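S.K.: Once you've had a glance at the structure underneath, I'll fire off some questions.
The values are calculated or read from the model by the stated rules, or taken from the named source; none is laboratory data. Note that the coordinates shown come from a computational prediction; the quantities given were computed from them, not determined experimentally. Glycine gets a Cβ as well: all are built from the backbone with ideal geometry, and neighbour counts include every protein chain shown. Heads up: the accessible areas ignore ligands, DNA and RNA and are worked out on the full protein's heavy atoms, side chains in. Shrake-Rupley method; radii C 1.70, N 1.55, O 1.52, S 1.80 Å.
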Amino acid sequence: MSLPEPRGRQSDVIYLPGAGHQVVLGTAGTGKTTMAMLRAEHLAAPETRNSGRVLLVTYNNALVTYLRHIQPAAAANITIETYGLFARGYLNSVGKMPYGAIANPELRRHLAGQAIKEIAATYKPGQFFERPVEFFLDEIEWISGMGLQALSDYLAAERVGRGRGAGLNDSQREAIWKIRTAYLKLRSDHGKTYDWWDLPGAVRASLPQDSRPRRYRHVVIDEGQDLAPEAIRSLAATVPADGSVTFFGDYHQLIYGQGVSWRSCGLNIHRVERFSDNYRNTAQIARLAIAMSRMPHMAGDPQDLVEPREPTAAGTLPTLVTCSDPEREIQLIGAQARDYARTGTVAVLARTWADARQACVGLPVRELDPEMRVWDPTPGIWCGAYHSAKGLEFDTVILPFLDAAHMPNPDKVAAFGERDAEAREARLLYVAITRARSDLLLTHRGPLTPLLPTDPALYTRLAV
């Protein structure tokens, strides 16, 4: 298919020099994914100065499928894949990825639980070790993603993303380091060399010993805020000295990453390109997203956050419906999804896959599944969790179950505390809301989630 023509300053980014490091920050709807694809096409074109093979990498499998769909047929020398697939392939090419080397989530959780019990037995009983396993796994992932090699590095590191007043003191960090050490030993005893969060460090450590010509001259990173710093560093080390790395990101939409600025990722940047013009959402949908971005739980490093600018395209206000019972909510979602799908694309998105499937019961849906291989742009209903829609867009988005009891997710509150959970969940909800081009339907039964603005002028309110 043909890609959209660049708008405004987008051409400036597409045709940036084909050497060195570039950072492009933009709010939702500014066309970052389109710019990333056009940038990759330009760098791969034989007539471009310093052209060569391009790796276009992102985090999300569904987004990879979409990117491959919009990739022009004539655009050769472009490989589009997730970072995990790239890292696994590279390590396999240097003989460091034996079969079954990566621990699956169930095994990771089990072994982490064992490690927590093992280390807790060496301390006096206390509430710290009673936290959910997810809390400790998140910290172990953060250590790997930051590329920390020693306890002293961990103690000295600024740990963002824990929320105000929820930081870890030195003795707690020492305990987590011991848990991590015990976990790594247990994992090795089970014949597993890695989990997914270890791969960037392994790639980066292998590259200096790899004397082969670099496979890619250029790397383009879409949704870069969701990759850990060590992943960005490894990608930067993947290209030759005369190659390029172009980073596209939006820190309002950080849902997977380490909560760390690109400035900690080893990129050598002299100027950051910033985009605030929203080409996707109507003014009414964008107004809600802008109000969300200004709420306290969406705060981040002001150097990385781009203030969204309200678009001029007019539409209808987002509809916020209070439902009397679960059956009415499901009926409303089904009826509205079928109606909108007659002429456009509809996404029914929820906080978890279980909730999304419950909301879509009886509907003819396409799932935003990680294993999907084909993108269907024709009118119809898509079903998925918030995170699976990252980087995508639909004519209509329906977001059910926006009760305070569901958002923030109770499991996240238990694992990370209320403030940290609110920050994580708010960014997810922001991503879901900004997927909608023209229509947005929000439903709830009990008290509304505190993650949404309360200004009544932002919604058309109904009760059924």
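S.K.: Quick check on packing: order 423-436, 270-283 by the mean number of other C-beta atoms within 10 Å, highest mean leading. Display every interim value, and only then the final one.
M.R.: On the way: 423-436: 24.7, 270-283: 17.6.
Highest-to-lowest ranking by the protection proxy: 423-436, 270-283.
S.K.: Could you compute the net charge surrounding Asp325? Neighbours are other residues with a C-beta less than 15 Å from the C-beta of Asp325; K and R count +1, D and E count -1. Before the final figure, lay out the partial values.
M.R.: Numbers: positive: Arg328, Arg445; negative: Glu327, Glu329, Asp403.
Around Asp325, the surrounding residues sum to -1.
S.K.: Can you order the peptides 441-451, 367-377, 66-76 by their average number of other Cβ atoms within 10 Å per residue, highest first? Can you show the working numbers first?
M.R.: Values: 441-451: 19.1, 367-377: 13.5, 66-76: 15.3.
Result, highest mean Cβ count within 10 Å first: 441-451, 66-76, 367-377.
S.K.: Which net charge results when you count Lys and Arg as +1 and Asp and Glu as -1 among the other residues whose beta-carbon is under 11 Å from that of Tyr66?
M.R.: -1
S.K.: Need one number: % antiparallel among DSSP beta bridges in the chain, to the nearest 5.
M.R.: 0
S.K.: Among the Cys residues of the chain, which have no other cysteine Cβ under 4.7 angstrom away?
M.R.: Cys with no partner Cβ under 4.7 Å: Cys265, Cys323.
S.K.: Taking only protein heavy atoms into account and a 1.4 Å probe, give the accessible area per residue of the chain in Å².
M.R.: Result: 43 Å² of accessible area for each residue.
S.K.: Further question on the same structure: Straight-line reach from Lys412: which lysines fall under 28 Å, measuring Cα to Cα and dropping same-chain residues less than 8 apart?
M.R.: Qualifying lysines at Cα under 28 Å: Lys117, Lys124, Lys178, Lys185, Lys192, Lys390.
S.K.: Do the sum for the chain: with -39,500 (n - 2.57) for every DSSP H run of n ≥ 4, divided by all residues, what is the mean residue ellipticity at 222 nm, to the nearest 500 deg cm²/dmol?
M.R.: -11000 deg cm²/dmol
S.K.: Let me ask something additional. Within the chain, what whole-number % of the accessible surface is contributed by carbon and sulfur, with the 1.4 Å probe and all protein chains included in the calculation?
M.R.: Here it works out to 51 percent.
S.K.: Find how much the distance from Gln358 to Leu168 grows on full extension, using 0.36 nm per residue of separation minus their present alpha carbon separation; answer in nm with one decimal.
M.R.: Result for the pair: 64.6 nm of gain on full extension.
S.K.: Of the peptides 55-64, 7-16, 205-214, how do they stack up when ordered by the mean number of other Cβ atoms within 10 Å, highest first?
M.R.: Averaged packing, sorted descending, gives the order 55-64, 7-16, 205-214.
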